[in-house]
Amino acid sequence: MHPYVEKIASIGSKANPTFQTLGIEPVSWGEGKAVLRMTVTPQLHNGSGFLQGGFYVILADEAIALAILATAGEDEGTATISETTNFLRGVTDGEIYGVAAITRKGRRIVFAEGEVRKGSPDGELLSKTVVSYTMTRA
């Protein structure tokens, strides 16, 4: 098991400083999938009163990384090749979920998707992120 995934399993959000800063909680991970939860607060709003778009990207990217690392060996890591996010709806409050899944995994390149959803992992779709990562060796 990858050391990061072991830390998530043992100490939860304390394993990741970004999780602590933004209040992200790991919900589930394994078999190429992961779900994270975050509460939208006014401190994360943009000047128009909506969640700033970068936080959608962070939540999706962190969920994707957890999904990938949950399938990785203890000596493997990842590096982003490309990442694109489409924003579909704004949100001002409540819980949002980063829902990620690997869509294709080769020997060195992994393709995955992450969605941010309102209220539950199956809730209203707010954004969609598509990524490709390269697997690295320590």
I11 and A101 label points (each 7 Å along its Cα→Cβ direction) are spaced in nm at 3.3
Sparse-neighbourhood loop hits (trypsin sites (Lys or Arg not before Pro), segment 28-132; DSSP loop; Cβ within 10 Å at most 15 others) -> R89, R107, R108
Net charge near I102 (other residues with Cβ under 12 Å of its Cβ; Lys, Arg +1; Asp, Glu -1) is +1
In degrees, nearest 10, the alpha-carbon axis of helix 53-69 is tilted away from the dominant principal axis of the alpha carbons of the chain by 20
Phi angles of segment 12-17, converted by Karplus (6.51 cos²θ - 1.76 cosθ + 1.60, θ = phi - 60°) into ³J(HN,Hα) in whole Hz with x for Gly and Pro, give x, 5, 5, 6, 9, x
Here, Q52 and S82, labelled 7 Å along Cα→Cβ, have an inter-label distance in nm of 2.7
Of all GluC sites (Glu not before Pro) in segment 38-132, the ones in DSSP coil with at most 16 other Cβ atoms within 10 Å are E74
Averaged over all viewing directions, the convex hull of the alpha carbons in segment 1-95 casts a projected area in nm² of 6.5
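None of the figures in this text is laboratory data; all of them are computed from the coordinates on show. What you see is a predicted model; the values in this text were computed from it and never measured. Please note: Cβ atoms are built from the backbone with ideal geometry, for glycine as well, and neighbour counts cover all protein chains shown.
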